[in-house]
1. Using a Förster radius of 45 Å, what is the FRET efficiency between Ala59 and Ala195 based on their Cβ-Cβ separation? Nearest 0.05, please.
2. Shape call for segment 39-207 from the C-alpha gyration tensor, a ≥ b ≥ c root eigenvalues: rounded (a/c under 1.5), prolate (a/b greater than b/c) or oblate?
3. Go ahead and collect, in residue order, the members of segment 78-93 whose backbone nitrogen is under 19 Å from a label point 7 Å along the Cα-Cβ direction of Cys21.
4. Determine, for each peptide in 104-116, 73-85, the mean count of other beta carbons within 10 angstrom over its residues, then list the peptides with the highest first.
5. Can you order the peptides 151-162, 29-40 by their average number of other Cβ atoms within 10 Å per residue, highest first?
6. Given the Cα-Cα distance of Arg122 and Val139 and 0.36 nm per residue of separation, how much length would full extension add, in nm?
7. Post the alpha-carbon centroid distance, segment 155-203 to segment 57-97, in whole angstrom.
8. Considering only segment 39-207, what is the antiparallel percent among its DSSP beta bridges, to the nearest 5?
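Quick note: the coordinates plus some simple rules give every number you see, no bench work behind them. Computed from a prediction, not measured in an experiment: that's the story for all the values here. We place every Cβ from the backbone using ideal geometry, glycine too, and count neighbours over all the protein chains shown.
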Amino acid sequence: MPRPAILGIVLRALADLLLPCRCGGCGTPGELLCPACRPEQPIRVPGCPVAVVAAGRYAGGLRTAVLRYKERGRHDLAAPLGALLAGAAAGFMAPGTVLVPVPSSRAAVRRRGGDHAQRLARVAGRRLGVPIVPALRLVRAVRDSAGLGVTERQANLAHAMVARPASPGTAAVIVDDIVTSGATLAESVRALHSAGWPVTAAAVVAVTPRRPTTRGDPAQVSARL
């Protein structure tokens with residue numbers, strides 16, 4: 001882990017000792033994610049290659065908390081966000097099911113001080129009592145998906161992943177932080193199927209509103225890298 005990331009973690013730990021816990025969504029003292037910022041119930045996400053459930057909508061306090069966790073070093077928010085992910089995945093758990101996190105690029109891991117999806121998966125796995133298997137990896141460079149339309153995201157991620165072979169009797173539930181355009185889930189499913197994995201479903205923390213990101217792209221919901 002880069003020194004700046006380690007220093008940031010140390011400073012945040014010291015701050016936690018001196019300052020009261022504040023909600024990652026609205027800043028209210030007391031909880032890492034207060035009841036007002038937690039979604040009320042999971043959401044079924046249409047238009048994806050497998051069944052997908054999101055803990056809530058990518059808006060308001062939940063959106064702020066995800067951004068602070070993912071891009072601003074609030075790794076302490078992995079606990080409440082991972083708990084939401086566990087709730088989204090709970091309905092898909094069966095004997096032999098494991099959680100498979102979507103992979104991040106090496107550059108993203110360095111920038112964020114670790115793999116944000118794997119960290120959430122570990123929290124969810126502990127709560128559900130199931131193993132985490134990082135079976136997917138990127139095999140080529142991909143662009144940041146922010147600002148890309150649906151077709152651009154699909155081209156960006158096409159055949160960008162490979163998966164390790166599946167163990168007999170094991171099935172995968174793919175997990176990630178946000179669902180946006182469909183490209184990441186589609187590529188994750190393709191790579192896992194190619195390696196012999198049955199893919200039961202996918203679970204994410206948040207789903208973005210339905211809207212096109214570039215002219216001519218259809219408005220739909222799916223996944224993002």
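1. Working: r = 35 Å, r/R0 = 0.78.
Computed FRET efficiency for Ala59 and Ala195: 0.80.
2. Values: a/c = 1.34, a/b = 1.06, b/c = 1.26.
Rounded shape, in that the Cα axes give a/c under 1.5.
3. In segment 78-93, the label zone of Cys21 (backbone N under 19 Å from the point 7 Å along Cα→Cβ) covers 78-87.
4. Numbers: 104-116: 16.8, 73-85: 21.8.
Order by mean packing, descending: 73-85, 104-116.
5. On the way: 151-162: 18.5, 29-40: 16.0.
So the order, starting with the most tightly packed, is 151-162, 29-40.
6. Residue separation times 0.36 nm, minus the Cα-Cα distance, leaves 3.8 nm.
7. Taking the Cα centre of each part, segment 155-203 and segment 57-97 sit 19 Å apart.
8. Working: 6 of 24 bridges.
The antiparallel fraction comes to roughly 25 percent.
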